[in-house]
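Below: one structure, written as structure tokens.
The values are calculated or read from the model by the stated rules, or taken from the named source; none is laboratory data. What you see is a predicted model; the values in this text were computed from it and never measured. Here the Cβ positions follow ideal geometry from the backbone for every residue, glycine too, while neighbour counts run over all protein chains shown. Only protein heavy atoms, including side chains, enter the accessible area calculation; ligands, DNA and RNA are left aside. Shrake-Rupley method; radii C 1.70, N 1.55, O 1.52, S 1.80 Å.
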Amino acid sequence: MNEGKRLKGATILLEALEKEGVDLIFGYPGGVLLPLYDALIDSPIRHILARHEQGVVHAADGYARVTGKVGVCLATSGPGATNLVTGIANAYMDSIPLVVLTGQVVTSLLGTDSFQEADITGITTPITKHNYLVKDAREIPRIVKEAFYLAGTGRPGPVLIDLPKDVLAMEIEPFSAEMKLKGYQIPNKGDSVKIAEVAKALSECRKPVIYAGGGVITAGAGDVLKKLAEKATMPVVTTLMGIGCLPSGHPNLLGMVGLHGAVAANYAVDECDLLLAVGVRFDDRVTSGLGHLFATKAKIIHIDIDLAEIAKVVRTHIPIVGDARLVLEEVLNVFEGLNAPQVADWWDQVHAWKNDFPVKYDKDRLTPQMVIECMGELANEDTVVVTDVGQHQMWAAQVYPIMKSRNFATSGGLGTMGFGLPAAMGAQIARPDDLVFLVTGDGSFQMCIQELATIAHNKLPIKIVLLNNGVLGMVRQLQKFFYGERYSQTDLIDNPDFVKIAEAYGIRGIRVDSFEQVRSAISEAIKHPGPVLLDITISPNEDVLPIVPPGKPITEMLGR
Ligand SMILES: Cc1ncc(C[n+]2csc(CCOP(=O)(O)OP(=O)(O)O)c2C)c(N)n1
């Protein structure tokens, strides 16, 4: 900092962000942010102007998911801040580290219902890890330091800093500040007695399963999880958020577990005598909301960094609160001194399930799964796949061969339609040298379609794969299966011509409506140096299978 010289709050803020390593902000301006946007002209920090605040926050989220770094976004007071709310909740549900900066009305008008005032710290209290309303520019350096520390450590999450206009304009002498975070602790290795218990249980079990979630990816624990799975010859199932923690095709990997999970994965969880749950929430998309019927024959070990997750949904026999990577490293160390478990019979059973119930789809006509398979064949192991929410998301999760952690970005907990396009934007900016695919549906795509302008302006070479079924497919499928085909408000009859829309934004559009075109269109899109929209017509009657009916245990899948 420039000691001795008086600086505006806005400049102090930007310098504090730089100190945290920030070189990029996704934002959208407004009246109370004028001092900050003015200071930004003199800052080395790059600003990406999105076209809606929802785009701003999902872009920062996408950036964070594919890098592991804290994403930063900025919006003005009132409607700018409230437009962020969905994106903040989305990041909170999936434990994504964000620092969200909002402008606020001047401190003298706070609480007076002044123009564009919204109590954003009040509104976001339940969906942020922490939030701050800054009343004095002298607090900025400390608060910024704390916000990044809180967002990125322990169980990550969004932290919001609300910045009144007068605080941004206030001139003070800058100074360094220390964090004041008494009582905030980050669990690390976990309890060594419990770790020994876990290693012993692994050595003595007969039918083990590892149930791995997003926490494995957050902790960078994929490699040690792989080693442990191989050493102890354990099958691995993942959640939607855990996809990528083991490379696709790994012999121990059974696939996704839960409502649209692989049959072998669901059966294995139901039959296992030991469930090693790592970085998971026992979410109702996995348990079918029936925690008491989930893995009932198993001794359940639950490793998580957040104490609040332990025994929230299921009874846990051995809980360990700690960093997944550090805990698994310790478990592996102890396990290596013990006998390997006798699991040959178990693997015979697991292989039989895998062979009897593969993921089924037609490969010789234009199906969504065939498109996704083709994408996987034409891409490489560093390719990033971002999805929106709906059937297309599940098909991507079931079929696309993700090879590495952080290469699959999807809205898991909140299931936010509209996440995909801006998140792909953030992902492509973060990983400029990698191929980024967006898999989206015609409903989701229209929820943040305005970001095509940001993508075109910044020449982001995203390949948008629009699986266009002319319906809100996932909801329609539920109406088909569970409401006697009484389709209510799920037809998108008046969809526009998406190729023309892309072209209007200066983006290459390619229409695909036959099986024969699929492969050449995808490779043409990959070869094209800029963004491309592939508008691929699929039937509205394609289903995501298998599916567990609401209220049924995960073994009762339809469409096995
Ligand atoms: C913001 C938001 N609104 C509503 C929903 C409920 N919903 C879940 S999937 C879905 C349909 C998605 O349609 P589309 O994007 O076309 O994908 P498809 O299922 O057809 O592949 C809807 C409406 C949601 N998840 N998010």
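Couple of notes before you dig in:
- Unique match (being of a type in the set (Gly, Ala, Ser), modelled with pLDDT of 95 or more and either open to solvent by less than 30 Å² (accessible area, probe 1.4 Å) or within 28 Å of ASP364 (Cβ to Cβ) (or both)) among SER523, SER488: SER523
- Any pair with Cβ under 8 angstrom, 6 or more apart, that starts in segment 281-296 at a residue that is more than 21 Å from ALA324 (Cα to Cα) and in the same structural domain as VAL237 (by the TED database) and ends at one that is open to solvent by 70 Å² or more (accessible area, probe 1.4 Å) and not in a loop (DSSP other than H, G, I, E, B): THR287/LEU293
- Scanning segment 297-320 for residues that are open to solvent by 30 Å² or more (accessible area, probe 1.4 Å), touching a residue at least 24 places away in the same chain (Cβ under 8 Å) and over 22 Å from ASN266 (Cα atoms) yields ILE305, ASP306, LEU307, PRO319.
- The one condition in (1) within 23 Å of LYS69 (Cβ to Cβ); (2) modelled with pLDDT of 95 or more; (3) not acidic (Asp, Glu) that PRO208 fails to fulfil: (1)
- Checking each residue in segment 526-560 for being open to solvent by 70 Å² or more (accessible area, probe 1.4 Å), under 20 Å from MET375 (Cα atoms) and assigned to a loop (DSSP other than H, G, I, E, B) picks out only PRO529.
- Residue in segment 127-136 that is in a helix (DSSP H, G or I), within 32 Å of the chain's Cα centre (by Cα) and closer than 15 Å to ALA81 by Cα present: yes
- Check on GLN369, open to solvent by 60 Å² or more (accessible area, probe 1.4 Å), assigned to a helix (DSSP H, G or I) and polar (S, T, N, Q): no
- Scanning segment 495-510 for residues that are in a loop (DSSP other than H, G, I, E, B), open to solvent by 40 Å² or more (accessible area, probe 1.4 Å) and more than 14 Å from the ligand (Cβ to nearest atom) returns ASP497, TYR505, GLY506.
- Single unsatisfied condition, LYS299 versus (1) in contact with a Phe, Trp or Tyr (Cβ under 6 Å, 6 or more places away or on another chain); (2) within 16 Å of VAL198 (Cα to Cα); (3) basic (Lys, Arg): (1)
- Checking each residue in segment 321-365 for being among the acidic types (Asp, Glu) and open to solvent by 50 Å² or more (accessible area, probe 1.4 Å) picks out GLU329, GLU330, GLU336, ASP345, ASP348, ASP356, ASP362, ASP364.
- Enumerated helices (runs of 4 or more DSSP H) restricted to segment 1-99, each holding at least 1 residues that are closer than 24 Å to THR153 by Cα and in contact with a helix residue (DSSP H, G or I) (Cβ under 8 Å, 6 or more places away or on another chain): 9-19, 53-67, 85-93
- Test: residue in segment 186-208 that is of a type in the set (D, E, K, R) and surrounded by 21 or more Cβ atoms within 10 Å (Cβ to Cβ): yes
- Looking across segment 461-482, just one residue is open to solvent by 10 Å² or more (accessible area, probe 1.4 Å), more than 12 Å from the ligand (Cβ to nearest atom) and part of a loop (DSSP other than H, G, I, E, B), and that is PRO461.
- Selection status of SER520, assigned by the TED database to the domain that holds GLU377, assigned to a loop (DSSP other than H, G, I, E, B) and over 24 Å from HIS58 (Cα atoms): no
- Of all residues in segment 393-426 being of a type in the set (Ser, Thr, Tyr) and away from the ligand (no atom under 13 Å from the Cβ), the one that is farthest from the chain's Cα centre (by Cα): TYR400
- Members of segment 386-410 found to be of a type in the set (A, V, I, L, M) and closer than 16 Å to CYS448 by Cα, listed by number: VAL386, VAL389
- Within segment 101-120, the set of residues being crowded, with 19+ Cβ neighbours inside 10 Å and assigned to a helix (DSSP H, G or I) comprises just one member, ILE120.
- Among the residues of segment 501-512, those identified as in contact (Cβ under 8 Å) with a residue 12 or more places away in the chain and more than 18 Å from LYS363 (Cβ to Cβ) are ILE501, ALA502, TYR505, GLY506, ILE507, ARG508, GLY509, ILE510, ARG511.
- Residues in segment 111-166 that are within 19 Å of TYR92 (Cα to Cα), in contact with a Gly (Cβ under 7 Å, 6 or more places away or on another chain) and in contact (Cβ under 8 Å) with a residue 60 or more places away in the chain: ALA151 only.
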